[in-house]
Amino acid sequence: MNKLLIGTAAIALFASPALAAPMGVTVGGYYNAMVYSQDTDDFDARDIGIHNDAEIIFKGKGKLNNGMEVGFQVQLEAEGAGEGDHIDENYVYIKGGFGKIEVGAENNAAYKQQVAAPTPFGWKTYDNNFKTWGEISNFDKPLMDGIDSDALKINYYSPKMNGFQFAYSMTPDTSDKNGDTGLYEASGDGEATAYGIKYSGEIGGMKVQASYGVNELDEDPLEDAKEDTAFGLSISSGNFTIGGNTATIERDGDETDILHYGIEYKLSEASKIGLIIHDQEEANGDQLDILAVGGSTKLGGGTTLTYSYESLEDDDFGDSEFIGVGLLLKF
């Protein structure tokens with residue numbers, strides 16, 4: 001399968017006709033800033049915390065003479081002071097009757113297909129990129145990106161058939177999850193593969209989405225066994241959306257089981273409210289329970305007001321509470 005994917009990617013990328021017109025390039029992204037009142041048991045946290053998450057996203061897209069689409073995406077981290085040049089996901093793609101192929105530093109295709117909980121607050125609770133939960137608890141994302149993350153890879157998405165789409169990924173080297181791996185030297189950290197399937201359609205007048213995926217580190221005598229699996233389901237009817245996903249994170253025989261789900265109600269074209277629940281059980285039996293309630297209101301001009309109350313109960317790190325309000329800007 002890997003050799004077939006590599007061959008197909010090479011043919012699609014390097015044997016395609018020239019662009020029919022110059023490639024169009026756009027700049028967009030988002031900036032999410034939250035101000036929280038914070039109360040934690042086992043951490044000497046500030047009473048007021050300011051948390052943000054932001055990216056500037058460059059996209060390019062063009063059409064070939066044969067009708068196929070080619071393009072690229074580069075995501076620039078717009079906050080934080082981490083090491084490196086702040087570029088994480090960056091890849092090129094080609095799209096046609098055969099499906100879509102991405103080559104570069106990006107999350108695996110099965111992860112990108114995942115169906116997850118609704119976003120009543122505007123931001124993705126299952127990501128929690130503010131790291132409010134991750135810094136003061138054992139919070140683990142219910143996602144399939146912990147093995148390879150943004151390491152250089154090839155992603156393939158099949159054409160959609162009767163609502164179904166298949167995805168497959170091959171990551172030759174998982175040593176540098178930010179995508180900066182050596183061209184020739186094998187790190188010994190192993191090769192990762194991921195595959196998934198997604199359904200999108202209508203059943204009984206309701207919009208239904210479902211996904212299943214597996215991401216695993218191929219056997220390597222120098223590495224511990226790693227495997228992530230996840231199943232997601234979302235159902236929308238009228239103003240209600242309910243959904244979430246269950247994930248199992250396996251590391252060298254130890255499993256973490258996660259259930260992350262919620263409900264969203266659309267009050268109007270501008271406002272929605274909802275709740276999110278995160279239940280997580282570690283291999284040693286320790287539990288983490290998170291409840292978040294709140295909503296968001298569109299103010300216009302790509303600006304959304306977001307507000308939430310979030311409580312955590314962690315067997316290891318005690319209880320914590322956050323009351324937050326913020327702005328989400330999309331541009």
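The values are calculated or read from the model by the stated rules, or taken from the named source; none is laboratory data. Since the model is a prediction, treat every value here as computed from it, not as a measurement. Backbone-built Cβ (ideal geometry, glycine too); neighbour counts: all protein chains shown.
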Problem set entry | Filter result for the condition that a residue is of a type in the set (A, V, I, L, M, F, W, C), assigned to a strand (DSSP E or B), within 25 Å of Lys131 (Cβ to Cβ) and modelled with pLDDT of 95 or more, over Val74, Val70 | Val74
For this session: Look at Ile235 and say whether it is in contact with a helix residue (DSSP H, G or I) (Cβ under 7 Å, 6 or more places away or on another chain) and either more than 28 Å from Lys198 (Cβ to Cβ) or of a type outside the set (Asp, Glu) (or both).
Result: no
Exercise. Looking only at region 149-180, which residues are in contact (Cβ under 8 Å) with a residue 60 or more places away in the chain and within 30 Å of Ile50 (Cα to Cα)?
Worked result: Asp150, Asn178, Gly179
For this session: For region 221-239, indicate whether the set of residues that are over 28 Å from Gln38 (Cα atoms), touching a Lys or Arg at 6+ places or on another chain (Cβ under 7 Å), crowded, with 21+ Cβ neighbours inside 10 Å and of a type in the set (S, T, N, Q) is non-empty.
Result: no
Exercise. Before we move on, is Met206 out of contact with any strand residue (DSSP E or B) (no Cβ under 9 Å at 6 or more places or on another chain), modelled with pLDDT of 95 or more and surrounded by fewer than 19 Cβ atoms within 10 Å (Cβ to Cβ)?
Worked result: no
For this session: Could you please give the count of residues in region 154-170 that are closer than 19 Å to Met206 by Cβ and either under 18 Å from the mean Cα position of the chain (by Cα) or of a type in the set (A, V, I, L, M, F, W, C) (or both)?
Result: 1
For this session: Looking only at region 99-139, count how many residues are at positive phi and touching a His at 6+ places or on another chain (Cβ under 8 Å).
Result: 1
Exercise. Can you name the residue in region 140-151 that is surrounded by 22 or more Cβ atoms within 10 Å (Cβ to Cβ) and touching a Leu at 6+ places or on another chain (Cβ under 9 Å) and, of all such residues, is nearest to Lys226 (Cα to Cα)?
Worked result: Ile147
